[in-house]
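Worksheet: the structure to be examined is printed underneath.
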Amino acid sequence: MGETMTPGRDDAPPGTSKRADRVEDATLSLVEPKGDSLSAKTVTINRPRQALYDYWRALENLPTFMENVERVEAVGDGRYHWVVKAPAGRTVEWIAAITEDRPGEAIGWASEEGADVPNSGRIDFRDAPGGRGTWVTATILYDPPGGVIGKVVAKLFQREPAIQARRDLRRFKQLMETGEIATGARTARQLAEEMD
Amino acid sequence: MRALTWHGKHDVRVETVDDPEILNPRDAIIRITSTAICGSDLHLYDGYIPTMQSGDILGHEFMGEVVETGPKSTLQKGQRVVVPFTISCGSCFHCSKHQYSACDNGLPADNQDIAQAAYGQPMSGLFGYSHMTGGYAGGQAEYVRVPFSDVGPIVIPDGIDDDKVLFLSDILPTGWMAAENAEIEPGDTVAVWGCGPVGLFCVQSAFLMGAERVIAIDHFPRRLELARRFGAETINYEESRTYDALMEITGGIGPDACIDAVGLEAHGFFADNVWDQIKVSTFTGTDRTHSIRQAILACRKGGRVSMPAVYGGFVDKFPLGAFMEKGLTLKTGQTHVQHYMPALLNAIMEGKIDTTFLISHRMPLEQAAEGYRLFHDKQNEVTKIVLKPGMDLAQTA
Ligand SMILES: NC(=O)c1ccc[n+]([C@@H]2O[C@H](COP(=O)([O-])OP(=O)(O)OC[C@H]3O[C@@H](n4cnc5c(N)ncnc54)[C@H](O)[C@@H]3O)[C@@H](O)[C@H]2O)c1
Ligand SMILES: [Zn+2]
Ligand SMILES: [Zn+2]
């Protein structure tokens with residue numbers, strides 16, 4: 001049998017693999033990997049690649065759909081100051097640099113030394129088959145604060161990065177497809193309470 | 001404003017709450033003129049549906065007048081509209097295929113997790129039906145916030161009574177889609193399990209689609225009588241054995257198409273036990289799926305089964321063997337209301353479909369709690385209660 005029949009390998013994305021070596025491969029796809037906990041998630045958005053890339057590339061836009069990101073500010077040289085909500089009303093901050101930028105295709109970032117939560121990630125935009133818009137894949141690598149315990153605590157607060165990424169991607173999809181983010185609130189006050 | 005709020009099992013109250021506000025660009029605020037209590041609201045009333053919170057406003061069948069619009073709404077103040085019970089964005093892949101109840105974006109992002117765990121993918125949002133379906137306030141109130149108002153509500157021309165068009169919001173399109181899913185051919189005999197509002201609209205729709213005979217099955221005499229008024233033959237399952245009766249009536253062949261309009265639970269998506277099943281993955285299996293089993297066994301070989309009835313999660317003793325051996329087709333789903341509204345509005349205006357026969361009671365919104373009690377206790381007499389926020393108490397007598 002030829003090389004094409006690699007036993008035990010399938011076509012599933014590395015982020016869904018049960019095998020550690022494939023997760024490592026995915027990690028290596030990050031330009032400057034930071035952290036040790038990987039999550040990857042894909043969503044299909046019924047909009048062209050370039051439009052999605054453009055919105056995301058203006059990183060200041062991220063708080064519109066990333067619930068726990070308070071703000072992102074450009075500090076020059078492709079570097080950005082992130083302020084992110086953490087459990088118990090705290091915030092964590094870091095400076096992250098753009099490590100990869102391919103218009104209409106991919107954006108990568110990695111935190112610099114001294115980050116409260118070392119992290120790196122990339123977002124890929126690919127044409128979905130059958131003219132169904134764009135596949136948007138977010139791959140995030142991070143050091144959970146306090147290691148395993150921190151991860152458990154973060155889960156309780158629904159700020160665990162894998163859950164957060166999944167919900168943020170849904171909000172990004174809603175904003176891009178419908179122009180707004182769905183809410184079940186009835187009044188502005190209820191909406192504000194939900195955002196807390 | 002005044003609104004019917006839920007506080008627990010058999011505890012609903014009309015209370016004063018904050019008015020709804022425009023929160024998103026595509027929103028509109030509707031002043032409710034008519035709103036119905038649905039059979040599936042009784043499941044909330046009975047406390048079967050999880051993720052309800054005290055103070056939630058119920059109601060998913062409603063219509064009214066546009067009083068406020070967001071900058072991206074296409075509605076105009078003063079227009080009369082009927083609002084679909086499904087909350088759908090109109091711009092995702094599914095909406096573009098008119099599969100509105102499968103909309104990707106109707107549910108708030110955080111509320112999608114439960115539906116995703118239960119069904120594999122999240123479904124559209126619903127008005128007034130727990131937080132699993134989005135936590136949207138319902139229309140048994142003086143006012144309601146309607147998201148995606150540029151694609152959902154249908155504008156009603158002046159001069160047509162509320163009572164004629166109100167049921168475009170849910171049960172009429174549901175009965176119609178169920179009949180369409182039965183793929184009726186000329187000469188067909190169609191059997192309909194359940195003569196609630198959905199079943200009765202199935203009966204009317206099946207005849208309009210060319211069925212030669214429709215056989216309606218229930219045990220409430222008044223509901224069977226209504227089915228007969230539309231030309232159906234009837235089986236009272238408390239007096240006759242349904243399968244045997246169907247075989248005799250069809251010369252041993254079985255109905256060409258069978259429609260299950262009974263169901264396990266209402267709209268609710270969830271039977272009371274499903275949430276626990278998801279959580280702990282123990283399959284306790286419910287044994288309440290009688291009507292769908294009967295429909296499959298009675299259906300003729302190569303026939304069609306249509307299931308508008310809502311089932312919650314897992315079912316036990318599903319006759320998969322009969323289904324396979326006979327080569328049946330099953331079609332189902334929450335109704336794609338937005339898809340059916342325009343044609344059904346025309347059919348109403350042309351007098352081809354009558355909806356008003358269903359309404360047994362009209363009450364002011366202030367009496368909503370009594371309405372729930374009445375509907376709950378007297379299913380034979382009560383076919384549909386319509387609440388009218390503007391209605392004078394004196395008019396009810
Ligand atoms: N697919 C959708 O989008 C959608 C929309 C609306 C309603 N529904 C569902 O449709 C179903 C019917 O709705 P409805 O408002 O008419 O409900 P309903 O409760 O008013 O009517 C159900 C009828 O079925 C009868 N029945 C019970 N067991 C029976 C049996 N074994 N054989 C024959 N009849 C039996 C009852 O006596 C009752 O009259 C429900 O499951 C509801 O949730 C689905
Ligand atoms: Zn209903
Ligand atoms: Zn949609």
task = Using only protein heavy atoms and a 1.4 Å probe, report how much of A:Trp135 is accessible, in Å² to the nearest 10.
result = 90 Å²
request  = Report the net charge of residues surrounding A:Arg102, where surrounding means a beta-carbon distance below 15 angstrom and charges are Lys +1, Arg +1, Asp -1, Glu -1.
outcome  = -2
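Per-residue Cβ counts within 10 Å, from other chains only, averaged over B:105-115: what number is that?
On the way: counts 12, 3, 4, 10, 14, 10, 5, 4, 5, 0, 0.
Averaged over the peptide's residues, the number is 6.
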note = With all protein chains present, the protein assembly as shown has a carbon and sulfur share of its accessible area (1.4 Å probe) in percent of 51 percent
query = How much accessible area does B:Ser91 have with a 1.4 Å probe, in Å² rounded to the nearest 10?
reply = 40 Å²
query = Mind checking the angle between helix B:368-377 and chain B's longest principal axis? C-alpha axes, 0 to 90 degrees, to the nearest 10.
reply = 10 degrees
inquiry  = List the residues, sorted by chain then number, that are 5 or more residues from A:Glu70 or on another chain and whose placed amide H is less than 5 Å from its amide H.
reply    = A:Val83, A:Val84, A:Lys85
task = Kindly list the residues of the range B:331-345 that lie in the label zone of B:Gln121, defined by a backbone N under 20 Å from the point 7 Å along the Cα-to-C-beta vector.
result = B:331-340
query = Can you list the residues, at least 5 places off or on another chain, whose amide H is less than 5 Å from the amide H of B:Leu330, using H built in the peptide plane?
reply = B:Val305
ask   = Got a sec to turn the phi values of the range B:71-84 into Karplus ³J(HN,Hα) couplings, 6.51 cos²θ - 1.76 cosθ + 1.60 with θ = phi - 60°, whole Hz, x for Gly and Pro?
value = x, 9, 6, 9, 7, 10, 3, x, 5, 9, 9, 9, 10, x
request  = May I ask you to evaluate 6.51 cos²θ - 1.76 cosθ + 1.60, the Karplus curve with θ = phi - 60°, for each residue of the range B:213-230 and list the ³J(HN,Hα) values in order in whole Hz, giving x for glycine and proline?
outcome  = 10, 10, 10, 9, 10, 6, 10, 7, x, 5, 5, 5, 4, 4, 4, 5, 4, 8
query = Hey, can you rank B:117-129, B:187-199 by average C-beta count inside 10 Å, highest first?
reply = B:187-199, B:117-129
task = Taking the Cβ of A:Thr139 as the centre, find all other residues whose Cβ is under 15 Å away and add up their charges (Lys, Arg: +1; Asp, Glu: -1).
result = -1
ask   = From the cross-link list B:Lys97/B:Lys352; B:Lys9/B:Lys378; B:Lys352/B:Lys384; A:Lys41/B:Lys72; B:Lys301/B:Lys352, which pairs have alpha carbons spaced over 24 Å apart?
value = B:Lys97/B:Lys352; A:Lys41/B:Lys72; B:Lys301/B:Lys352
query = So, by mean Cβ neighbours within 10 angstrom, what's the order for B:361-372, B:35-46 with the highest one leading?
reply = B:35-46, B:361-372
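Note the buried accessible area between B and A here, summed over both chains, with a 1.4 Å probe, in Å² to the nearest 100.
Details: alone 16120 and 11430 Å², together 25220 Å².
For chain B against chain A, roughly 2300 Å² becomes buried.
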note = Cross-link reach from A:Lys34 to lysines, straight Cα distance under 20 Å and at least 8 residues apart if same chain, gives A:Lys85, A:Lys151
note = Expressed in angstrom and ordered largest first, the alpha-carbon extents of the range A:32-195 along the principal axes are 44, 43, 29
remark   = One quarter of the C-alpha convex hull surface, i.e. the mean projected area of chain B in nm², amounts to 18.7 nm²
inquiry  = Tell me which of A:Ala182, A:Ala96, B:Trp176 sits at the most positive position along the dipole axis of the protein assembly as shown, charges placed on C-beta atoms (Lys, Arg +1; Asp, Glu -1).
reply    = B:Trp176
ask   = Residues of B:18-26, mean number of Cβ from any other protein chain within 10 Å of their own Cβ, rounded to a whole number?
value = 5
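Summarise the partner chain shielding of B:94-104 as one whole number: the mean count of Cβ atoms from other chains within 10 Å of each residue's Cβ.
What the average comes to for B:94-104 is 2.
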query = Using Cα atoms only, what is the angle between the long axis of helix B:337-349 and the major principal axis of chain B, expressed in degrees (0 to 90) to the nearest 10?
reply = 90 degrees
inquiry  = Kirkwood hydrodynamic radius, the range B:1-140, all distinct C-alpha pairs: what's the number in Å?
reply    = 15.7 Å
remark   = Per residue, accessible area of the protein assembly as shown with a 1.4 Å probe, heavy atoms of protein chains only, in Å², comes to 43 Å²
ask   = Tell me, what HN-Hα J-couplings in whole Hz come from the Karplus equation 6.51 cos²θ - 1.76 cosθ + 1.60 at θ = phi - 60° for each residue of the range B:16-33, using x for Gly and Pro?
value = 8, 10, 5, 5, x, 10, 5, 10, 10, x, 8, 5, 9, 10, 10, 8, 6, 10
message = For a quick check: with amide H placed at 1.01 Å from N, whose amide H comes under 5 Å from A:Trp94's, ignoring anything fewer than 5 positions away on the same chain?
response = A:Trp82
For the protein assembly as shown, share of DSSP beta bridges that run antiparallel, in % to the nearest 5 = 75 percent
Largest to smallest principal axis extent of the C-alpha atoms in the protein assembly as shown, angstrom = 78, 69, 40
request  = As a check on your grasp of the helix formula, calculate [θ] at 222 nm for chain B: sum -39500 (n - 2.57) over DSSP H runs of n ≥ 4, divide by the residue count, round to the nearest 500.
outcome  = -7000 deg cm²/dmol
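The values are calculated or read from the model by the stated rules, or taken from the named source; none is laboratory data. Every value quoted in this text rests on a predicted model; they were computed, and no experiment measured them. Reconstructed Cβ throughout: ideal geometry from the backbone, glycine too, with neighbour counts over all protein chains shown. Areas reflect the complete protein model, heavy atoms only, side chains present, ligands, DNA and RNA absent. Shrake-Rupley method; radii C 1.70, N 1.55, O 1.52, S 1.80 Å.
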